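What follows is a short report on a single structure.
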Amino acid sequence: MDDLDHETPGTVVGAVAAGVAPLPFLAVYATLFIARGGFRPVNPPDITTTAHGELGAGLIAALIFILGSLSVYWFVGGKRRWLFALGQAATLATAIDFVSDSTSGPASIPVLLIVTSVAALVLAFMPTSWAFMRSARGPERRRRRDYREPAQPSVDIR
């Protein structure tokens, strides 16, 4: 079964639409910090004390971007929801931390991410989303785990 052979319900589509909000920010931050840490060092560094720290932060942002993209693909395809929910919970916690810390800059983007993460989490756990995950994974999951029907007697006992 192809990942996208079935109809994806609106709750899953809505969760994904809200849940992709942090991905462009991660892509921009990854590009900036990799460039500033590896190719064109700035003095003083933006978020760490060294150029290598900037590069490390950029690589971490790139990894989180890849994981976030993978989580969206899995969720839309009906394979897994846990990585998507974990990513949204982490985004929510980080955004709340940024809003509560006045030194982290303006609160507009973190507030936007709080709203989108909450919406994504609520929609991801709606009954329609649960039903979609069960229907999309049902028979395939049993085959993948080497599920076998109970053994039938090979001899006719009469």
Legend entry - Of residues in the stretch 1-41 being over 30 Å from A131 (Cβ atoms) and open to solvent by less than 50 Å² (accessible area, probe 1.4 Å), the one modelled with the highest pLDDT: A27
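If you check V115, V99, V76, which single one turns out to be open to solvent by 50 Å² or more (accessible area, probe 1.4 Å), among the β-branched types (V, I, T) and either in contact with a helix residue (DSSP H, G or I) (Cβ under 6 Å, 6 or more places away or on another chain) or closer than 12 Å to V12 by Cβ (or both)? First the steps, then the outcome.
Values: V115 fails: either in contact with a helix residue (DSSP H, G or I) (Cβ under 6 Å, 6 or more places away or on another chain) or closer than 12 Å to V12 by Cβ (or both); V76 fails: open to solvent by 50 Å² or more (accessible area, probe 1.4 Å).
Answer to the selection: V99.
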Inset, instruction - Please indicate, with yes or no, whether at least one residue in the stretch 87-94 is closer than 29 Å to T11 by Cβ and either open to solvent by 80 Å² or more (accessible area, probe 1.4 Å) or in contact with a strand residue (DSSP E or B) (Cβ under 6 Å, 6 or more places away or on another chain) (or both). - result: no
Inset, instruction - For R81, state whether it is among the basic types (K, R) and under 16 Å from V20 (Cα atoms). - result: yes
Legend entry - Tabulated pairs, the stretch 55-77, first more than 21 Å from R134 (Cβ to Cβ) and among the aliphatic types (A, V, I, L, M), second modelled with pLDDT of 90 or more and open to solvent by less than 20 Å² (accessible area, probe 1.4 Å), C-beta under 9 angstrom, 6+ apart or interchain: A57/A30; L59/A30; I60/A30; A61/A30; A62/A30; L63/A30; I64/P22; I64/A30
Legend entry - Among the residues listed as G56, G68, G87, G78, the single one being over 26 Å from V111 (Cα atoms) and not in a loop (DSSP other than H, G, I, E, B): G56
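The values are calculated or read from the model by the stated rules, or taken from the named source; none is laboratory data. The structure displayed is predicted, hence computed values, not measured ones. Backbone-built Cβ (ideal geometry, glycine too); neighbour counts: all protein chains shown. Heads up: the accessible areas ignore ligands, DNA and RNA and are worked out on the full protein's heavy atoms, side chains in. Shrake-Rupley method; radii C 1.70, N 1.55, O 1.52, S 1.80 Å.
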